[in-house]
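The structure appears right after this line, and notes come after that.
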Amino acid sequence: MSRLGNLGAKLYRGEVGYDFIAKRKFWYAVSILITITAIAGLAVRGLSMGIEFQGGAVFTTPKSSVSAQQAETIAEEAAGHDALVQELGSGGLRIQISSVDTDKSDQIKETLSRELDVASDDINADLVGPSWGAQIANKAWTGLGVFMILVVIYLAIAFEWRMAAAALIALVHDITITVGVYALVGFEVTVGTVIGLLTILGYSLYDTVVVFDSLKESSKDITKQTRYTYSEVANRSINATLVRSINTTAVALLPVGALLFIGGGFLGAGMLNDISLSLFVGLAAGAYSSIFIATPLVADLKERDPQIKALKKRVLARRAQGGDEGESQPAGATAAGGDADGDDEGDGGEAGSLVSPRRTQPASRGRGRGRPSGKRR
């Protein structure tokens, strides 16, 4: 078995682990700092909306000796305002100018034909009206709202309302960070960006549900035992699924990274940039939030429940009495503040869904010393 496989097995059995729940305030602070940075970038720089939302014209030219910087200057002089020029893999140029009507588009096309020394018929001009962009934006917001509502309803039915609330906060966290990165980087927001944003919600929710499912199984009948607090069980659930979350995220990020850095960076494909950046940032943020945000939030909300509060008091009281000496505390489970894990002999079978350390069975005295019973032949 590989080292990562051995680590995953040890994490699953609780032999090793990182105490995510006990250090949740630190990770909350990190998330708040990142979110504030994203919101500040969004407020200061704003989003660079594409022509799909603002309206305008896109001119695609064949291969020319004019550089992208020179073409940008020519287009801005012809249009009277800013233009965005991208080099295509074929050697041609994609010139995007917002807030352009049909008459102005024809004038700009003739100017580009003359200055770039290409035939006017070889320049492809696409005109987009602002009303179409408004419809796309409204549909995107509607789709996002419906998705959020369905997610909350599903998680509340399949798990409980606390998990639904934590998952919703994690999703908003992921979207805010992704949109903030778009504002800071200055990438254009296009239809591809919207598609990428809606896609990452599914990935983020998948990682979160995997941990929640493990937590649901591990915390079944948790109040019938006095060995672990809910926070410790939640921490074990995160550690048990940690390697799986890392593997799935890494596998998803590899092709997306290829699209972003190779397809968008070297080939100059504009649409690939729009989709891949939102996917890359969103996938990373989703994996982070499912581990450091969603499950710790569930633990915080659950610890407010009177039954879970009473359970924590019983667990701490038994540990203070030093019950069941020889039982080792689960790895990474120091959130309850105890140093030793306590349990009665009668508690051993009540928490069958909880993963517990192995007991060391004492060797039977006198086993093998006497002769076997029965008559000799």
Alpha carbon centre of the stretch 120-142 versus the stretch 155-233: separation in Å? 33 Å
Which residue, Ile36, Ala68, Met49, has the largest displacement toward the positive end of the dipole of the stretch 21-118 when charges sit on each Cβ (Lys, Arg +1; Asp, Glu -1)? Ile36
Rounded FRET efficiency, nearest 0.05, which uses the C-beta distance separating Ile195 from Asp106 and R0 of 35 Å: 0.65
For Ser131 and Val172, calculate 0.36 nm times their separation in residues minus their Cα-Cα distance, and state this gained length in nm to one decimal. 12.0 nm
Would you calculate the separation in nanometres between label points at Leu301 and Asn247, each defined as 7 Å from the Cα along the Cα-to-beta-carbon direction? 2.9 nm
What nm value, rounded to one decimal, do you get for the distance between Ile149 and Gln70 when each label is placed 7 Å out toward the C-beta? 5.6 nm
Using amide H atoms built 1.01 Å from N in the peptide plane, name the residues 5+ places from Ser48, or on other chains, whose amide H lies under 5 Å from its own. Val189
Considering amide H positions built from the backbone, and no H for Pro or chain starts, which residues 5 or more places from Leu93, or on another chain, come under 5 Å of its amide H? Thr61, Leu88
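No value in this document is a laboratory result; all are computed from the given coordinates. For clarity, every value in this text was computed on a predicted model and none was experimentally measured. Quick reminder, even Gly has a Cβ in these numbers, built from the backbone with ideal geometry, and neighbours come from all protein chains shown.
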